[in-house]
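The values are calculated or read from the model by the stated rules, or taken from the named source; none is laboratory data. Given the structure is predicted, the values throughout are model-derived calculations rather than measurements. Positions of Cβ are generated from backbone atoms using ideal geometry, with glycine treated the same way; all protein chains shown enter the neighbour counts.
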Amino acid sequence: MKISEVEIVLIKPRNGLIGFASLVVGGALYLGGIGVHAKRDGSGYRLTYPTKQGGKDALRLHHPITRAAGKALEAAIFTKLNAVMAHARHDRPDYP
């Protein structure tokens, strides 16, 4: 699975949410609105995929259906996130 055009938009942290990711899969499918959260124990990050809220029966708009696909998306997003965070720390030494 080829993943390209990974973009990260950082936001003011809120309840662990630190930003959103988007990417292109196979040069043909755009996935956006992927939430990037800092883990509560500080050990890294986790992803959440967009849903359409509908009470207790939320509709998932897109998400990986295999463990391998999920790991590939995580690897691509976390690689880009680490680069973005390193750049933010370089530009702002006071940034965590």
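Might you let me know whether region 67-83 holds any residue that is in a loop (DSSP other than H, G, I, E, B), modelled with pLDDT of 85 or more and either among the aromatic types (Phe, Trp, Tyr) or within 19 Å of Lys2 (Cβ to Cβ) (or both)? No; the residues of region 67-83 include none that is in a loop (DSSP other than H, G, I, E, B), modelled with pLDDT of 85 or more and either among the aromatic types (Phe, Trp, Tyr) or within 19 Å of Lys2 (Cβ to Cβ) (or both).
Name the residues in region 40-66 that are assigned to a loop (DSSP other than H, G, I, E, B) and within 21 Å of Tyr30 (Cβ to Cβ), would you?
Result: Tyr49, Pro50, Leu61, His62, His63, Pro64, Ile65, Thr66.
Residue count for region 14-29, restricted to those that are of a type outside the set (A, V, I, L, M) and exposed (fewer than 13 other Cβ atoms within 10 Å of the Cβ): 4. Sub-6 Å Cβ pairs linking a first residue in region 2-13 that is β-branched (Val, Ile, Thr) to a second residue that is at pLDDT below 95 and assigned to a strand (DSSP E or B), at least 6 apart or interchain, number zero. Which residue is farthest from Ala83 (Cα to Cα), if the candidates are limited to region 47-66 and must be surrounded by 10 or more Cβ atoms within 10 Å (Cβ to Cβ) and either among the β-branched types (Val, Ile, Thr) or modelled with pLDDT of 95 or more (or both)? Of everything passing the filter in region 47-66, Thr51 is farthest from Ala83 (Cα to Cα). Across region 30-38, not a single residue is classified as out of contact with any strand residue (DSSP E or B) (no Cβ under 7 Å at 6 or more places or on another chain) and either surrounded by 10 or more Cβ atoms within 10 Å (Cβ to Cβ) or over 14 Å from Val84 (Cβ atoms) (or both). Comparison of Val24, Val9 shows that the only residue that is touching an Asp or Glu at 6+ places or on another chain (Cβ under 6 Å) and either modelled with pLDDT under 90 or part of a strand (DSSP E or B) (or both) is Val24.
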